[in-house]
């Protein structure tokens with residue numbers, strides 16, 4: 001073989017991988033849309049990536065995940081959703097009710113996997129749990145529906161409970177309505193008075209605790225809301241400063257110093273969302289994937305916080321707790 005022919009062959013061979021790579025599709029792009037800040041508990045995002053991995057997708061290797069956070073300003077969600085829809089997004093994952101509504105309004109074609117705390121049929125996101133309609137499906141980890149049970153547990157932990165402050169995020173009307181409906185019914189049955197406080201910003205949380213310091217309720221009951229979870233350190237610090245027992249649906253708030261939490265395993269919900277995203281990337285349609293409702297609930301008690309508040313945790317509660325933080 002002549003030298004010129006040899007060089008030509010080598011040059012052509014070197015070009016083959018480049019051409020092949022140019023023809024290969026880019027990694028699928030997954031978008032995560034959240035009403036909160038990047039202060040979302042990292043164990044939830046790890047669980048989401050674990051669910052993806054279980055279906056064969058690894059972030060940074062076979063898929064790319066992009067994040068959009070509204071920083072507690074729900075009115076920013078429609079614009080963020082519209083921005084994502086203009087990109088080459090394969091699946092949109094939403095955390096929280098408001099983000100699910102924004103994504104649903106922005107697209108009828110891109111698959112959406114939502115994570116919500118209220119029945120999505122009641123919200124109008126799907127027409128059926130078993131056969132979701134349109135381009136959306138997801139996980140309902142139940143929060144408002146557990147409010148009555150959470151109030152009962154709080155009464156066991158704080159026997160003198162007669163007045164409670166209920167902190168809600170008014171920007172999430174669906175979650176607020178669900179929580180208040182169940183709390184008001186349970187409080188009436190227990191003979192407990194309630195005072196509703198609103199907070200959707202850090203400053204408003206501070207103002208709510210000023211009211212608590214003035215009115216001196218026996219306990220603080222947090223509505224289930226992603227914003228409150230993102231502000232868990234501020235809430236726990238303020239509750240400790242004002243020596244008020246605080247109940248929530250998120251274990252992360254109890255880990256930060258709250259007194260107790262009762263709710264679904266939210267990290268498990270994020271893992272299931274990852275599995276659903278992987279299934280969609282493999283060809284499944286949202287209508288093929290029934291909405292999953294959480295069936296595992298956990299009671300977490302912070303015994304150190306109870307001691308600081310001068311409360312004794314009853315043995316009956318200790319025996320039922322899934323975790324006791326010492």
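The values are calculated or read from the model by the stated rules, or taken from the named source; none is laboratory data. Everything quoted here is computed from the prediction, not taken from an experiment. We place every Cβ from the backbone using ideal geometry, glycine too, and count neighbours over all the protein chains shown.
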Inset, instruction - Kindly provide the set of residues from segment 200-230 that are touching a strand residue (DSSP E or B) at 6+ places or on another chain (Cβ under 8 Å) and over 22 Å from residue 309 (Cβ atoms), ordered by number. - result: 204, 224, 225, 226
Inset, instruction - Would you point out the residue of segment 54-75, among those that are in contact (Cβ under 8 Å) with a residue 40 or more places away in the chain and in a loop (DSSP other than H, G, I, E, B), that is surrounded by the fewest Cβ atoms within 10 Å (Cβ to Cβ)? - result: 56
Inset, instruction - Go through segment 107-118 and count every residue that is under 18 Å from residue 171 (Cβ atoms), in contact with a strand residue (DSSP E or B) (Cβ under 6 Å, 6 or more places away or on another chain) and either outside any strand (DSSP E or B) or modelled with pLDDT under 95 (or both). - result: 1
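Conditions tested, residue by residue: (1) in contact (Cβ under 8 Å) with a residue 40 or more places away in the chain; (2) in the same structural domain as residue 122 (by TED's automatic domain parsing); (3) in contact with a helix residue (DSSP H, G or I) (Cβ under 9 Å, 6 or more places away or on another chain).
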{"residue": "165", "(1), (2), (3)": "yes, no, yes"}
{"residue": "182", "(1), (2), (3)": "no, no, yes"}
{"residue": "194", "(1), (2), (3)": "no, no, yes"}
{"residue": "205", "(1), (2), (3)": "no, no, yes"}
{"residue": "208", "(1), (2), (3)": "yes, no, yes"}
{"residue": "211", "(1), (2), (3)": "yes, no, no"}
{"residue": "220", "(1), (2), (3)": "yes, no, yes"}
{"residue": "225", "(1), (2), (3)": "yes, no, yes"}
{"residue": "238", "(1), (2), (3)": "no, no, yes"}
Inset, instruction - Identify all residues within segment 76-94 that are assigned to a helix (DSSP H, G or I) and either within 23 Å of residue 26 (Cα to Cα) or touching a helix residue (DSSP H, G or I) at 6+ places or on another chain (Cβ under 7 Å) (or both); write none if there are none. - result: 77, 78, 80, 81, 82, 83, 84, 85
Legend entry - Scope segment 176-201; condition more than 14 Å from residue 166 (Cβ to Cβ) and surrounded by 14 or more Cβ atoms within 10 Å (Cβ to Cβ); matching residues: 200, 201
Inset, instruction - Please state which of the following conditions residue 104 fails to meet, knowing it meets all the rest: (1) at pLDDT 95 or above; (2) surrounded by fewer than 21 Cβ atoms within 10 Å (Cβ to Cβ). - result: (2)
Legend entry - Residues within segment 267-326 that are touching a residue at least 40 places away in the same chain (Cβ under 8 Å), farther than 20 Å from residue 255 by Cα and not in a helix (DSSP H, G or I), tallied: 8
Legend entry - Enumeration of residues in segment 162-175 that are in contact with a strand residue (DSSP E or B) (Cβ under 6 Å, 6 or more places away or on another chain) and either closer than 20 Å to residue 294 by Cα or surrounded by fewer than 21 Cβ atoms within 10 Å (Cβ to Cβ) (or both): 163, 170
